[in-house]
1. Could you name the lysines in cross-link range of residue 403, using Cα to Cα under 24 Å and dropping any fewer than eight places away on the same chain?
2. Which value, in debye to the nearest 20, gives the size of the charge dipole of the stretch 242-359 about its Cα centre, when Lys and Arg are +1 and Asp and Glu are -1 at the Cβ?
3. Going by Cβ distance under 4.7 Å, what cysteines of the chain have no possible disulfide partner?
4. Pairs of alpha-carbon atoms within less than 8 angstrom and 6+ residues apart define the contacts here; what relative contact order does the chain have, in percent?
5. Using only C-alpha positions, report the orientation-averaged shadow area of the convex hull of the stretch 232-309, nm², one decimal.
6. What is the set of long-range amide H partners of residue 305 at a cut-off below 5 Å, with H atoms built 1.01 Å from backbone N?
7. Could you compute how fast the stretch 109-164 diffuses translationally, taking Rh as the Kirkwood radius over C-alpha pairs and applying Stokes-Einstein at 37 °C with viscosity 0.692 mPa s? Give it in µm² per second.
8. Under the 0.36 nm per residue contour assumption, what length would be gained going from the current alpha-carbon distance of residue 128 and residue 150 to full extension?
Amino acid sequence: MMAGVGGGNDFQWCFSQVKGSIDEDVAEADIISTVEFNYSGELLATGDKGGRVVIFQREQESKNRPLSRGEYNVYSTFQSHEPEFDYLKSLEIEEKINKIRWLPQQNAAHFLLSTNDKTIKLWKISERDKRAEGYNLKDEDGRLRDPFRITSLRVPVLMPMDLMVEASPRRIFANAHTYHINSISVNSDYETYLSADDLRINLWHLEITDRSFNIVDIKPANMEELTEVITAAECHPHQCNVFVYSSSKGTIRLCDMRAAALCDRHSKFFEEPEDPSSRSFFSEIISSISDVKFSHSGRYMMTRDYLSVKVWDLNMENRPVETYQVHEYLRSKLCSLYENDCIFDKFECCWNGSDSAIMTGSYNNFFRMFDRNTRRDITLEASRENSKPRAMLKPRKVCTGGKRKKDEISVDSLDFNKKILHTAWHPKENVIAVAATNNLYIFQDKLN
């Protein structure tokens with residue numbers, strides 16, 4: 001079941017929380033660039049253009065605050081990447097966090113991968129609530145004692161202290177990408193992961209930082225012959241030998257690492273034949289895929305291009321099994337979207353925990369949900385207008401011409417500076433996180 005689109009037993013989405021400042025003038029460094037729940041959904045990480053990672057932890061239910069169930073509060077904040085300068089190429093390397101990927105939890109600590117354009121880091125997030133006291137060679141204030149004055153041995157004891165959450169970089173994977181990294185994806189063996197840039201995909205072992213295997217390389221010998229770039233890549237959720245990558249030409253290639261060390265020859269090639277009647281100057285730009293995500297089951301994958309979301313069955317390469325229009329009303333506005341560069345925006349998409357619904361963003365702080373079973377869809381808005389706790393989200397409608405109804409918004413008054421590129425869905429519950437510029441909105445179903 002999914003977002004209530006009116007009718008019977010569907011539930012409604014309602015406001016839960018909003019994080020971030022209300023200021024009108026937003027600092028560039030505060031703009032959120034990635035959002036990711038961990039495998040249990042108890043932690044939610046965001047990365048921003050200033051190179052920071054903020055982790056929110058879900059509060060446990062308490063008897064004296066029964067309605068606070070599921071609130072996410074700041075757990076840890078740390079600077080993941082700093083701005084750098086490549087002196088050989090005279091290039092500034094931004095600190096912006098392009099992607100965060102969690103590793104499944106194996107012990108008390110949590111691990112995540114974060115990347116900017118060039119360097120991937122493995123972070124360990126751990127808690128400390130005890131400290132050792134009663135050293136023999138140190139005073140309580142940390143000064144070293146004269147060993148000759150020590151007449152008796154003490155056994156150090158662990159004493160409780162205020163909880164400290166520490167983030168420490170355990171591995172730094174650098175110098176493997178000539179172009180900008182657009183994707184990282186942890187493999188289902190939880191030992192390896194892949195990283196993709198515009199022309200190459202590398203396979204890493206989480207323990208080994210000084211070498212990676214190049215598994216895809218589409219760079220032509222002569223760069224003038226370059227016709228497409230890699231836009232996204234992801235490992236299969238269950239088969240550790242399978243991965244997919246999408247291209248700026250709107251195609252997806254599925255590769256099997258068992259076939260060859262260099263996966264330049266794909267196993268499957270997914271492409272929808274173009275309708276010649278709808279061909280235009282912008283066809284190639286809007287068919288570029290900005291995100292690709294396997295379903296949790298591993299049977300389907302979803303791709304997002306500029307105007308639509310498509311669901312593909314991995315067993316059928318010639319066309320998608322489902323196509324959802326995200327904002328078809330923008331087709332007549334492509335010229336102005338090209339002029340203001342919005343046509344190059346990279347929207348992401350995500351599945352709900354049971355693969356029955358999908359979500360992706362749009363402009364004007366709108367985001368879209370599609371129910372795969374009923375084929376119904378809904379447009380919702382992330383705004384502070386209805387940010388009272390448990391306030392129901394009203395469906396929004398965009399009017400494309402003719403007479404505008406009372407609740408509709410005209411396509412000409414959409415704000416293209418307010419865009420929702422990054423969203424995340426809790427892996428087990430109907431809780432969603434939506435990044436709107438520098439604010440993180442959390443919505444949940446009314447039943448919660």
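The values are calculated or read from the model by the stated rules, or taken from the named source; none is laboratory data. All values derive from a computational prediction rather than experimental measurement. Here the Cβ is made from the backbone with ideal geometry for all residues, glycine too, and neighbour counts use every protein chain on show. Please note that ligands, DNA and RNA were not included when accessible areas were found on the heavy atoms of the full protein model with its side chains. Shrake-Rupley method; radii C 1.70, N 1.55, O 1.52, S 1.80 Å.
1. Qualifying lysines at Cα under 24 Å: 333, 394.
2. 260 debye
3. Isolated Cys, the chain: 14, 235, 240, 335, 342, 349, 350, 399.
4. 14 percent
5. Result: 5.5 nm².
6. Amide H to amide H, under 5 Å and 5 or more residues apart or across chains, residue 305 pairs with 290, 310.
7. Calculated translational D: 222 µm²/s.
8. 4.9 nm
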